[in-house]
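I have placed the structure first, in the form of structure tokens, so that the comments after it can refer back to it.
The values are calculated or read from the model by the stated rules, or taken from the named source; none is laboratory data. Just so we're clear, the structure is a prediction, and the values are computed from it rather than from any experiment. Neighbour counts are summed over all protein chains in view; Cβ atoms, including those assigned to glycine, are modelled from backbone coordinates with ideal geometry. Ligands, DNA and RNA are stripped out before the accessible areas are found, and what is left, the full protein with its side chains, is counted by its heavy atoms. Shrake-Rupley method; radii C 1.70, N 1.55, O 1.52, S 1.80 Å.
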Amino acid sequence: MFRITGPEHVMIVLLVQFTVKPGTEEQARHFIAKLQENTRREPGCRMYAGHQSSKDPRHFFFYEQYDNAEALDAHRAAPYFREYLTDGLQKLMETVTRELYQPIQ
């Protein structure tokens with residue numbers, strides 16, 4: 001993972017793009033659904049949405065918004081993060097890129 005720098009009180013956006021191994025698309029959708037179900041309940045989560053490409057069904061992305069860096073850290077520390085991402089979805093990935101954004105005010 002990467003570390004967040006800058007003001008900790010600023011809303012942050014995380015974009016995670018990834019391609020899964022051939023034949024694992026259904027399993028990836030299952031993990032994404034579980035992550036959405038749990039993450040959307042987190043107090044500091046403003047938005048958490050997984051998407052699948054209509055052109056390439058192996059390509060997915062997450063669009064995530066958090067109140068601040070602490071909220072993202074809490075998300076990463078949640079037990080379901082390990083279960084559904086670290087020990088689940090991440091093992092299906094062939095490629096992954098993660099990029100943090102801040103909204104333009």
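A few notes on this one:
- If you take the Cα centroid of the stretch 37-78 and the Cα centroid of the stretch 86-105, the two points sit 9 Å apart.
- Highest average first, the peptides 15-23, 29-37, 66-74 ordered by how many other beta carbon atoms sit within 10 Å of their residues are 66-74, 29-37, 15-23.
- Charge dipole of the chain (Cα centre as origin; +1 on each Lys and Arg Cβ, -1 on each Asp and Glu Cβ, all else neutral): 200 debye, rounded to the nearest 20.
- The chain, accessible surface, carbon-and-sulfur percent (1.4 angstrom probe): 52 percent
- Expected 222 nm ellipticity per residue - DSSP helices of 4 or more, -39500 (n - 2.57), all of the chain, to 500: -7000 deg cm²/dmol
- For the stretch 18-89, radius of gyration divided by Kirkwood radius, i.e. Rg to Rh on alpha-carbons: 0.98
- Solvent-accessible surface ranking, highest first, for 12, 104 at 1.4 angstrom: 104, 12
- Net length gained if the chain between residue 102 and residue 54 were fully extended (0.36 nm per residue, minus Cα distance): 14.6 nm
- In this structure the chain gives 59 Å² per residue of accessible area when probed at 1.4 Å with all protein chains present.
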